[in-house]
Amino acid sequence: MGKYSIGIDLGGTKIIAGVVNKETGEVVGHAKKHTKKEKGSDIVIQRVFETVEKAICIAGIPINQIDSIGIGAAGQVDRENGVLIASPNLNCFDLELKRILEEHFNMPVKVGNDVEVATLGEMKFGNGVGYNNFLCVFVGTGIGSGIVINGQLMRGANGTAGEIGHMTVDGGGRPCECGAYGCLEAYASRTAIEKRIKAELRRGESSLITSILKEDDYANGTIRSSHMKKALEQGDELVISCINEASDYLSSGLSSVINFLNPEAIVLGGGLVDSIDYFYDIIVKKTKKKALPTAVSSLKITKAKLGDFSGVVGAALL
Ligand SMILES: [Zn+2]
């Protein structure tokens, strides 16, 4: 048995692979690649290979010290067979991740869902340590959460527990990718904020985001969290108002969950929370104001300690 394992976070917009010390949770080397817009199984697999190989190279750990690979994928997974059943964001369907990666790297591979493994990472080595009942909520391309009850990850009857992004926050409101209307994800994810900003620009609003995107050769027309952060720091009114609006909905969603579950802690992560301190701060403030005072009195809200690496570390622990 080696001391190290490879963790892969296969997200909707980027792939991060890391060589992880399983005893300490330390990421000794990592690599990151953005997934391109066209995507599809072949491109995704090739990018995963490249990212893992680069991470191993950077870590400088002899390959015989690495004994396994874990992967957390954005989408619906078949854990037993290691298949990514459906990932609309990556345009991958029935992708046999376990078989393909085992053949290529010649070591055992386990597959989980990206939010589930990120929660596992925070539970073992992050800000979930010390809590038996808590939630990890990740706000990025979509919004997902992992629920830990009595120290165990709760998956639900057939694995869909924690779909906080598809809680209704506005009955009959904006359409969501899932087919329903008024889901939290359609208001407070990075994608939702991006859509709002673009809609306002089309209506003739001006924003620094236009020039920020032009300066970034890799932007590809996508407004990333880092672009929003830049605009916020320069006092851009449009971006501030869109972020404020998103925080209203997210804090409503979180306070409902707090009232419902009475957790000891909520750990917030994902690109938007990681990159934009302002967003995190107003979320915490508004959520505490909206939830039941008794539930709030024993509640701790923190940022994910492992940041971008929650998923990588958790995947390695699979
Ligand atoms: Zn939905």
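All of the numbers you see were taken from the coordinates with simple rules; none came from a lab. Since the model is a prediction, treat every value here as computed from it, not as a measurement. We place every Cβ from the backbone using ideal geometry, glycine too, and count neighbours over all the protein chains shown.
Couple of notes before you dig in:
- Highest-fluctuation residue, Gly172, Gly269, Gly151 considered, GNM on the chain with Cα pairs under 10 Å: Gly172
- Cβ-based exposure ranking for Met167, Met228, in which fewest neighbours within 10 Å come first: Met167, Met228
- Of the residues Leu84, Gly29, Tyr131, the one whose Cα sits farthest towards the positive end of the charge dipole of the chain is Tyr131 (charges of +1 on Lys and Arg Cβ, -1 on Asp and Glu Cβ, taken about the Cα centre).
- Label point at Glu26 placed 7 Å out along Cα→Cβ; residues across region 277-318 whose backbone nitrogen lies under 15 Å: none
- Calculated FRET efficiency for the pair Ser206/Glu102, C-beta based, R₀ 41 Å, to 0.05: 0.20
- Separation of region 208-247 from region 135-197 is 23 Å, based on Cα centroids.
- Per-residue Cβ neighbour rank within 10 angstrom, fewest leading, Arg174, Arg190: Arg174, Arg190
- Computed magnitude of the charge dipole of the chain (debye, nearest 20; Cβ of K, R +1, Cβ of D, E -1): 440
- Loop chymotrypsin sites (Phe, Trp or Tyr not before Pro), region 192-283, which have at most 10 other Cβ atoms in a 10 Å radius of their Cβ (DSSP): Tyr218
- Selection among Leu238, Ile283, Ile149 by position relative to the dipole of region 130-304 gives Ile149 as farthest towards the positive end (Cβ unit charges, Cα centre).
- Least to most buried among Ile69, Ile58, Ile143 (fewest other Cβ within 10 Å first): Ile58, Ile69, Ile143
- Given their separation in residues at 0.36 nm each and the Cα-Cα distance between them, Lys195 and Ala180 gain 3.6 nm when the chain is fully extended.
- Acute angle (nearest 10 degrees) that the helix 237-261 long axis makes with the longest principal axis of the chain, alpha-carbon atoms: 70
- DSSP bridge pairs, the chain: antiparallel proportion in percent, nearest 5: 60
- The Glu237 and Lys303 beta-carbon pair, evaluated with R₀ = 30 Å, returns a calculated FRET efficiency of approximately 0.70.
- Here the Gaussian network model covers the chain, with springs between Cα atoms less than 10 Å apart; of Pro62, Pro263, Pro88, Pro62 fluctuates the most.
- Relative to the longest principal axis of the Cα atoms of the chain, the long axis of helix 277-290 lies at roughly 70 degrees.
- With the simple spin-label model, which puts each label point 7 Å out from Cα in the Cβ direction, the Ala161 to Lys124 separation comes to 1.9 nm.
- Value of [θ]222 nm, deg cm²/dmol, for the chain, DSSP H segments ≥ 4, -39500 (n - 2.57) each, nearest 500: -12500 deg cm²/dmol
- Of all DSSP beta bridges in region 130-304, antiparallel share, percent nearest 5: 55
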